[in-house]
C-alpha cells in the first residue's frame, strides 16, 4: 500500500510519531511515498527528523501558535491575528496538499494532526482514505474526562481537533491506557507509538534532572531555581536555534539544542524529567520509569498533563519548581502496565491501518509471504 504522511511540524511529538510509523509500515511491506510537513517561521525542522525519515520530505506553510512576548505560553489572540493574515498562503498550501495526494499515487493518507489536511479534505474531497493519529483525538472520546479548565479554551481545542480530522475515515487516539472504541466518533484507542530507540534504551538511575522546553522563555524559571539550588545538576533541551549546540551556564547547568539521540540518552540516565507536557516525551519518560514534572504551555498540554497525572506519571506545576519534582520522585513508582501497553502498539496500530488497504494490495502481500 502506498501511503502519504502529512505531519504537523510544531514541537517534536508528531515528528517522532511519523518516524516510528514509517518504520512500522516499511517493515510490514508498505511504502511511504512522501512526507509533507507543515512549517512556520518560528520553528525549524529538527535534524533528527531529516536523518531518520526515509521517504522524501517536503514542507508547506501551515498555521501555528505564537508564544507570549516572554516566550513561555501560547498567546491565543496574537496567534489568531497572525494566522488570519496568512490565510492566502494557507490556501496555497491546501492546493499543494491536494496536488500531492494525487501526484504521489497514495492509497492512504495518514494525518499527524495537521489542520490543513482536514481543510484539504473539506474543500477538495480527495477519494483517498484519511486516517488521523494523535493523543488529541482522545479528548473527543465519550469516556475521556477533560480537566476542569476554561470551558471556552476546551471548546476551541476540540473544535480545532475536529477540523484536523475533517473527511477522515478513522481517528487513532494515542492513549496512556486501553479504552473501548468510540464508534460514534470513529475513534480507536491505541498505544503510544514509541520509536525503537526508546524501546532499546536501558534505564539507569542518575543524579541530574533532565528536561525539555517547547518555548525557550521558560529558561528564566530554570535559571532562577538553579541559583537557589546550584548543587543539583540540570540538563535541559530547548528549541532555540540561535544558540550554540550546548550552552553551558556552569558546571551543573547546560542547555542543549534539540537532538533526539542525545535527548533519549540523557533521559535514560536521569533522576527525573521536567517538560512542557508534550505527549510524546511524557510517554518516553513513563516507559523509562522516570518521575515527571509537567508545566503546560497551552490548553492541549494541560489536557496531556491531566491525563498523565491520572495514570501516575507525575505532577503538574506552573513555573518549573523542580523542588516539587524532587519531592515527588522520592515515592514514585513506575507504571508497569503502561510498559506492556506500549509493547502492543505495533500489532494494534498496524491492524487498524490495514483495514483501509485496497483488497488487491493485501492479497499481493499475503502471496509474497506464502512464497517466502
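Applying the condition of being part of a loop (DSSP other than H, G, I, E, B) and buried (at least 16 other Cβ atoms within 10 Å of the Cβ) to the range 325-372 and asking which residue is modelled with the lowest pLDDT yields 357.
Is at least one residue of the range 25-32 in contact with a helix residue (DSSP H, G or I) (Cβ under 6 Å, 6 or more places away or on another chain), in contact (Cβ under 8 Å) with a residue 60 or more places away in the chain and closer than 19 Å to residue 104 by Cβ? Scanning the range 25-32, I find at least one residue that is in contact with a helix residue (DSSP H, G or I) (Cβ under 6 Å, 6 or more places away or on another chain), in contact (Cβ under 8 Å) with a residue 60 or more places away in the chain and closer than 19 Å to residue 104 by Cβ, so the answer is yes.
Examine the range 224-235 for a residue that is crowded, with 18+ Cβ neighbours inside 10 Å, in contact with a helix residue (DSSP H, G or I) (Cβ under 8 Å, 6 or more places away or on another chain) and modelled with pLDDT under 95, and state whether such a residue exists. Among the residues of the range 224-235, not one is crowded, with 18+ Cβ neighbours inside 10 Å, in contact with a helix residue (DSSP H, G or I) (Cβ under 8 Å, 6 or more places away or on another chain) and modelled with pLDDT under 95, which makes the answer no. Evaluated against (1) part of a helix (DSSP H, G or I); (2) farther than 22 Å from residue 193 by Cα, residue 117 falls short on exactly one condition, (2). Determine whether the range 273-287 contains at least one residue that is farther than 27 Å from residue 135 by Cα and crowded, with 18+ Cβ neighbours inside 10 Å. Looking through the range 273-287, none of the residues is farther than 27 Å from residue 135 by Cα and crowded, with 18+ Cβ neighbours inside 10 Å. Looking only at the range 110-129, count every residue that is surrounded by 19 or more Cβ atoms within 10 Å (Cβ to Cβ) and in contact with a helix residue (DSSP H, G or I) (Cβ under 6 Å, 6 or more places away or on another chain) and tell me the total. Of the residues in that region, 9 qualify.
Of all residues in the range 1-53, those being in contact with a strand residue (DSSP E or B) (Cβ under 8 Å, 6 or more places away or on another chain), surrounded by fewer than 19 Cβ atoms within 10 Å (Cβ to Cβ) and in a helix (DSSP H, G or I) number 2.
Scanning the range 178-215 for residues that are touching a strand residue (DSSP E or B) at 6+ places or on another chain (Cβ under 8 Å), surrounded by fewer than 19 Cβ atoms within 10 Å (Cβ to Cβ) and either in contact (Cβ under 8 Å) with a residue 24 or more places away in the chain or within 30 Å of residue 233 (Cβ to Cβ) (or both) turns up 178, 179, 180, 185, 208.
In the set 146, 166, only one residue is surrounded by fewer than 20 Cβ atoms within 10 Å (Cβ to Cβ), at pLDDT below 95, in contact with a helix residue (DSSP H, G or I) (Cβ under 9 Å, 6 or more places away or on another chain) and part of a loop (DSSP other than H, G, I, E, B); that residue is 146.
For (1) under 25 Å from residue 22 (Cβ atoms); (2) touching a strand residue (DSSP E or B) at 6+ places or on another chain (Cβ under 8 Å); (3) touching a residue at least 60 places away in the same chain (Cβ under 8 Å), each residue gets a yes or a no:
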{"position": "99", "(1), (2), (3)": "yes, no, no"}
{"position": "110", "(1), (2), (3)": "yes, yes, yes"}
{"position": "118", "(1), (2), (3)": "yes, yes, no"}
{"position": "154", "(1), (2), (3)": "no, no, yes"}
{"position": "160", "(1), (2), (3)": "no, no, no"}
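The values are calculated or read from the model by the stated rules, or taken from the named source; none is laboratory data. Just so you know, these numbers come straight off a predicted model, no measurement behind them. For neighbour counting, all protein chains shown are included, and Cβ atoms are generated from backbone atoms with ideal geometry for every residue, glycine included.
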